[in-house]
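Taking it in order: structure first as structure tokens, then the write-up.
The values are calculated or read from the model by the stated rules, or taken from the named source; none is laboratory data. Note that the structure is predicted; figures quoted are calculated from it, not measured. Glycine gets a Cβ as well: all are built from the backbone with ideal geometry, and neighbour counts include every protein chain shown. Ligands, DNA and RNA are stripped out before the accessible areas are found, and what is left, the full protein with its side chains, is counted by its heavy atoms. Shrake-Rupley method; radii C 1.70, N 1.55, O 1.52, S 1.80 Å.
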Protein chains: 2
Amino acid sequence: MAERFDPNFTKMVVEAMGPKTDPRTREVLGSLMSHIHDFAREVELTIDEWMIGVNFMNTIGQISTAQRNEAHRISDVIGLESLVDEIAHRHVSESGEIPTSSSILGPFWSPHAPFRNPGDSIMQDPHDGQVTLMHGRVLDLETKKPIAGAVFDIWQASSNGKYDFQDPENQSPNNLRGKFRTNENGEYHFYALKPTAYSLPTEGPAFKLLSAMDRSPWRPAHIHLMVTHAGYKPVTTQIFPKEDPHLEDDSVFAVKDDLVVDFVPLEGDEKATLELEYNVTLAPVVNPNAEDANVSRL
Amino acid sequence: MAERFDPNFTKMVVEAMGPKTDPRTREVLGSLMSHIHDFAREVELTIDEWMIGVNFMNTIGQISTAQRNEAHRISDVIGLESLVDEIAHRHVSESGEIPTSSSILGPFWSPHAPFRNPGDSIMQDPHDGQVTLMHGRVLDLETKKPIAGAVFDIWQASSNGKYDFQDPENQSPNNLRGKFRTNENGEYHFYALKPTAYSLPTEGPAFKLLSAMDRSPWRPAHIHLMVTHAGYKPVTTQIFPKEDPHLEDDSVFAVKDDLVVDFVPLEGDEKATLELEYNVTLAPVVNPNAEDANVSRL
């Protein structure tokens, strides 16, 4: 099909990059432009379709604010963040064992979550959810020994499906966010909510894209985790209650089998009615001086 | 290289489109998502690079206004509008002759350009340019006969390199824009400026992208034309003075050999010092009822 069109055009565009172009920039943008051209030729993109795309692209930034990152959400809806996450974090240890799977960061992580004390609650404000005692250990993939002093960063939506900065009328800053350090036995514990499923916003470009693809805007209920310790590959992930009906059609393709967990009834704790034990396994960094792209988030 | 990654992921994302998806939408978005995934795997896109892309995408819409279409400009800089134009307009007649080449619309066409009388000037406001008598004929590709009543729509930047709506301090609305109808001999004539080269804006996302690629933001001097008549494929194009130094590195890849023209000295006309004869050849529509994507612009 491509022979119908000038076979030199894409090469000419890619080779227009000047000699001072950074080599990695040349590689990334050269590949990106080539794939966009291949796409246009493959579907014989019409002028009207191209113009729909141009207008759509402008709407992405126009709706974005400090509290809403629509380009991030669009890339989640097309599976790009999940794919980039896979590229960054696929890891098979020499033993063949694998660490806790990573999943996407999503647009709601905050660098400002406070450190809280072991056993604290991350709920600052009223909610209609089920309180859960979440606990477990952080372990070294190779030695199976506990990792003391690991930082366990958790964030989740409230029982109305909204995160603190989406919901300033009902939630104070850092509600349902917190960082905890593991003790000498690698243990953490705190009180959180059993998470609630929520829909992506049902207006705006990402929803328009989902609707055009006849897809659900729902995400399965989930808790976000980011677990870090010097000398280990950090893991950013999400865990999902096993009974959620949206595990199979997550709008952002973040579910992996080993991230599906079981909340069980808890008795004898007046603060919580459910319990979740969840252990995290981190892979040691082979070359501690190697750059890990994930670190720059922190 | 792709085997390092889950071979089913992209298929799963594409097949998530529901049964009510419009077939063409399925084709276009399926191809687009597949190519974006292939790109990410091919370059092993890092999380930091992806995040740079997400932030960049938001800036495109944030700088766009009714007077500035940055997504359109970005797609020009990566050659996409030129490619879509090629896909839409490549035409070889049965005789092997080809009509006037099309080129990109660009972001400065206006639906509001007034009809002017034959021989009028499109200059409403003061300028420092060289006035040119532009004239010629519009011809049928097959019969070589003149086309009467064709609409010749012209727009150009002023001698400061700006279009009317970029430059409200110096230019009134529709300065350097106008529509003319060809007479019974297919002839048009009017006064315009010899065009001036200009740079794309040297701030904003498109300039950032050009700079990252060590490319010039300059466009060669050009006049925009859109020539239409019922029963013919419309042509949107640009013509370029042959001596322009930026013919070889046009920032939006719009130059084609047959669009390079020669402005010659003119004597005996007190209104103009230059003359440009330019004939346009239009291809008849084989099936006059067939939809032409270009028509919807008009």
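Computed values, structure above
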| quantity | calculated |
| --- | --- |
| Verdict on A:Gly136 being surrounded by fewer than 17 Cβ atoms within 10 Å (Cβ to Cβ), part of a strand (DSSP E or B) and out of contact with any helix residue (DSSP H, G or I) (no Cβ under 9 Å at 6 or more places or on another chain) | yes |
| Only listed residue being open to solvent by 50 Å² or more (accessible area, probe 1.4 Å) and either within 14 Å of chain B (Cβ to nearest Cβ) or touching a strand residue (DSSP E or B) at 6+ places or on another chain (Cβ under 6 Å) (or both), chosen from A:Phe115, A:Phe152 | A:Phe115 |
| The one condition in (1) outside the structural domain of A:Ala254 (by the TED database); (2) closer than 21 Å to A:Val252 by Cβ that A:Gln62 fails to fulfil | (2) |
| The listed residue being in contact with a helix residue (DSSP H, G or I) (Cβ under 7 Å, 6 or more places away or on another chain), at positive phi and not charged (D, E, K, R), out of A:Gly30, A:Gly79, A:Gly61 | A:Gly79 |
| Every pair of residues 6+ apart whose Cβ atoms lie under 7 Å, when the first sits in the stretch B:16-37 and is more than 7 Å from chain A (Cβ to nearest Cβ) and closer than 24 Å to B:Trp50 by Cα while the second is among the aliphatic types (A, V, I, L, M) and in a helix (DSSP H, G or I) | B:Gly30/B:Val14; B:Ser34/B:Val14 |
| Subset tally (residues that are of a type outside the set (Ser, Thr, Tyr) and in contact (Cβ under 8 Å) with a residue 40 or more places away in the chain) for the stretch A:48-65 | 3 |
| Residues located in the stretch B:207-245, provided they are part of a loop (DSSP other than H, G, I, E, B) and among the aliphatic types (A, V, I, L, M) | B:Met213, B:Ala221, B:Ala230 |
| Residue tally, condition touching a helix residue (DSSP H, G or I) at 6+ places or on another chain (Cβ under 9 Å) and either in a helix (DSSP H, G or I) or open to solvent by less than 60 Å² (accessible area, probe 1.4 Å) (or both), over the stretch A:184-206 | 6 |
| Residue among B:Asp6, B:Asp76 that is of a type in the set (Asp, Glu), surrounded by 18 or more Cβ atoms within 10 Å (Cβ to Cβ) and either within 29 Å of A:Asp214 (Cβ to Cβ) or more than 7 Å from every other protein chain (Cβ to nearest Cβ) (or both) | B:Asp76 |
| Selection count where residues are more than 7 Å from chain B (Cβ to nearest Cβ) and not aliphatic (A, V, I, L, M), scope the stretch A:44-63 | 3 |
| Residues (more than 21 Å from A:Ala113 (Cβ to Cβ) and buried (at least 18 other Cβ atoms within 10 Å of the Cβ)) located in the stretch A:218-239 | A:Trp218, A:Pro220 |
| Positions within the stretch A:139-169 being under 21 Å from the mean Cα position of the chain (by Cα), closer than 22 Å to A:Ala197 by Cα and assigned to a loop (DSSP other than H, G, I, E, B), in sequence order | A:Gln156, A:Ala157, A:Ser158, A:Ser159, A:Asn160, A:Gly161, A:Lys162, A:Tyr163, A:Asp167 |
| Test set (1) over 21 Å from A:Gly30 (Cα atoms); (2) crowded, with 17+ Cβ neighbours inside 10 Å; (3) among the aromatic types (Phe, Trp, Tyr) - B:Trp50 fails condition number | (1) |
| Which listed residue is touching a Leu at 6+ places or on another chain (Cβ under 7 Å), open to solvent by less than 20 Å² (accessible area, probe 1.4 Å) and at the interface with chain A (Cβ under 7 Å from one of its Cβ atoms), from B:Ala71, B:Ala40 | B:Ala40 |
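Residues checked against (1) within 20 Å of the chain's Cα centre (by Cα); (2) assigned by the TED database to the domain that holds B:Val227; (3) open to solvent by 40 Å² or more (accessible area, probe 1.4 Å); (4) modelled with pLDDT of 95 or more:
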{"residue": "B:Phe253", "(1), (2), (3), (4)": "yes, yes, no, yes"}
{"residue": "B:Val260", "(1), (2), (3), (4)": "yes, yes, yes, yes"}
{"residue": "B:Phe263", "(1), (2), (3), (4)": "no, yes, no, yes"}
{"residue": "B:Leu266", "(1), (2), (3), (4)": "no, yes, no, yes"}
{"residue": "B:Ala272", "(1), (2), (3), (4)": "no, yes, no, yes"}
{"residue": "B:Glu275", "(1), (2), (3), (4)": "no, yes, yes, yes"}
{"residue": "B:Tyr278", "(1), (2), (3), (4)": "yes, yes, no, yes"}
{"residue": "B:Asn287", "(1), (2), (3), (4)": "no, no, yes, no"}
{"residue": "B:Ala293", "(1), (2), (3), (4)": "yes, no, no, no"}
